[in-house]
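*Asks:* Handing you this structure, nothing more for now.
The values are calculated or read from the model by the stated rules, or taken from the named source; none is laboratory data. The structure presented is a predicted model; accordingly, all values stated were derived computationally and were not measured. Ideal geometry is used to build each Cβ from the backbone, glycine not excepted, and the neighbour counts take in all protein chains shown. These accessible areas exclude ligands, DNA and RNA; they are computed on the full protein's heavy atoms, side chains included. Shrake-Rupley method; radii C 1.70, N 1.55, O 1.52, S 1.80 Å.
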Amino acid sequence: DVLNSMSRFKISDLKRFKWNKCGGADCLTPKGFSYSRLELKDGITIDLYNIHANAGSKDEDPAARRDNMMQVVEYMQKHSEGRPIILMGDFNSRYSRVIDTLEIYQQLNLKDTWIEFTQNGIYPIKSEETVNDCSDEASPICETVDRIFFISNEQVEFRILEFKRPKAEFMRDGKDLSDHIPVSTIFE
């Protein structure tokens, strides 16, 4: 399900959830989201979500993806209200793509590290054309389907120190280890 997480912090309460809806070939694989709690120090914890949303742009795919996102939002509203959160993963969505609905996470006041760090808080206009120059696919300004969202609270305040797409670090024998160039954020 591609929902494994590694951490130098203690992980507890790990739960995995399969999507309620899927579309096309995505119904053949166990996509969904995971939830866990990370202990930063002395009982101070954050909620960590990892997501692998349905892909594709055929008739049923965008509706399934919207349902995926609502499923995560509803879980977060019930289990993480008022808590510091990191939500990350393969959303298979772009702000610039007309059929996608990443904006749903704004209702939870989650911030997108890509928007905050590389786009100066400005969201792309929805368009069928590419918003950013992606001639260098590893450029941090190039919009990708992978995201890292976050929200602080009175106990934990996240500050983005760095956002990048580390292509070279995720290659072996000159070949990419994944079908996506990863996104990386360093928080303080």
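*Asks:* Among 47-54, 151-158, 95-102, what's the highest-first ranking by average C-beta atoms within 10 angstrom per residue?
*Replies:* 47-54, 95-102, 151-158
*Asks:* Kindly identify the range 79-188 as rounded, prolate or oblate by the Cα gyration tensor criterion: order the square roots of the eigenvalues as a ≥ b ≥ c, call it rounded if a/c is under 1.5, otherwise compare a/b with b/c, prolate if a/b is larger, else oblate.
*Replies:* Verdict is oblate for the range 79-188.
*Asks:* Ordering R147, R37 by accessible area with a probe of 1.4 Å, largest first, what comes out?
*Replies:* The ranking, largest first, comes out as R37, R147.
*Asks:* How much accessible area does I141 have with a 1.4 Å probe, in Å² rounded to the nearest 10?
*Replies:* Its heavy atoms expose roughly 70 Å² to the probe.
*Asks:* Please work out how much length the chain gains when fully extended from Y123 to Y75, using 0.36 nm per residue of separation minus the C-alpha to C-alpha distance, in nm with one decimal.
*Replies:* 14.8 nm
*Asks:* Now for a separate question. Can you pull the Kirkwood radius for the chain, inverse mean 1/r over Cα pairs, to one decimal in Å?
*Replies:* On the way: mean 1/r = 0.0578 Å⁻¹.
Kirkwood hydrodynamic radius for the chain: 17.3 Å.
*Asks:* With runs of 4+ DSSP H residues as the only contributors, calculate the mean residue ellipticity of the chain at 222 nm using -39,500 (n - 2.57) per run, divided by the residue total and rounded to the nearest 500.
*Replies:* -4500 deg cm²/dmol
*Asks:* I would also like to ask the following. For F150, F170, F17, give the ranking by accessible area with the largest first, probe 1.4 Å.
*Replies:* F170, F17, F150
*Asks:* Rounded to the nearest whole Å², what accessible area per residue is found for the range 3-56 with the 1.4 Å probe?
*Replies:* Each residue of the range 3-56 exposes 57 Å² on average to a 1.4 Å probe.
*Asks:* Now, a different point. Report, to the nearest whole %, how much of the accessible area of the chain belongs to carbon and sulfur atoms, 1.4 Å probe, protein only.
*Replies:* Roughly 50 percent, rounded to a whole number.
*Asks:* Note down the nm distance, to one decimal, between modelled labels 7 Å out along Cα→Cβ at A138 and at H180.
*Replies:* Taking the two extended label points, one gets 1.8 nm.
*Asks:* Using alpha-carbon pairs under 8 Å, 6+ residues apart, how would you state the relative contact order of the range 1-85 in percent?
*Replies:* Relative CO of the range 1-85 lands at 29 percent.
*Asks:* What lysines does K31 reach when the alpha-carbon gap must be under 27 Å and sequence neighbours fewer than 8 apart in one chain are set aside?
*Replies:* The reachable lysines, counting only those whose Cα sits under 27 Å from K31, are K10, K15, K18, K21, K58, K78, K111, K126, K164, K167, K175.
*Asks:* Can you compute the charge dipole magnitude of the range 142-188 about its Cα centre, using +1 on each Lys and Arg Cβ and -1 on each Asp and Glu Cβ, nothing else charged? Give it in debye, rounded to the nearest 20.
*Replies:* 180 debye
*Asks:* Compute the signed sum of charges (Lys and Arg +1, Asp and Glu -1) over the other residues within less than 13 Å, Cβ to Cβ, of K41. Don't skip to the end; give the middle numbers.
*Replies:* Values: positive: R8, K10; negative: E39, D42.
Cβ neighbours under 13 Å give a net charge of 0.
*Asks:* Explain nothing, just the number: relative contact order of the chain, from Cα pairs under 8 Å at least 6 residues apart, as a whole percent. Before the final figure, lay out each step's value.
*Replies:* Numbers: 343 pairs, mean separation 31.3, N = 188.
Relative contact order here is 17 percent.
*Asks:* Using only the heavy atoms of the protein chains and a 1.4 Å probe, how would E81, E74 rank by accessible area, largest first?
*Replies:* Sorted descending by solvent-accessible area, the residues read E81, E74.
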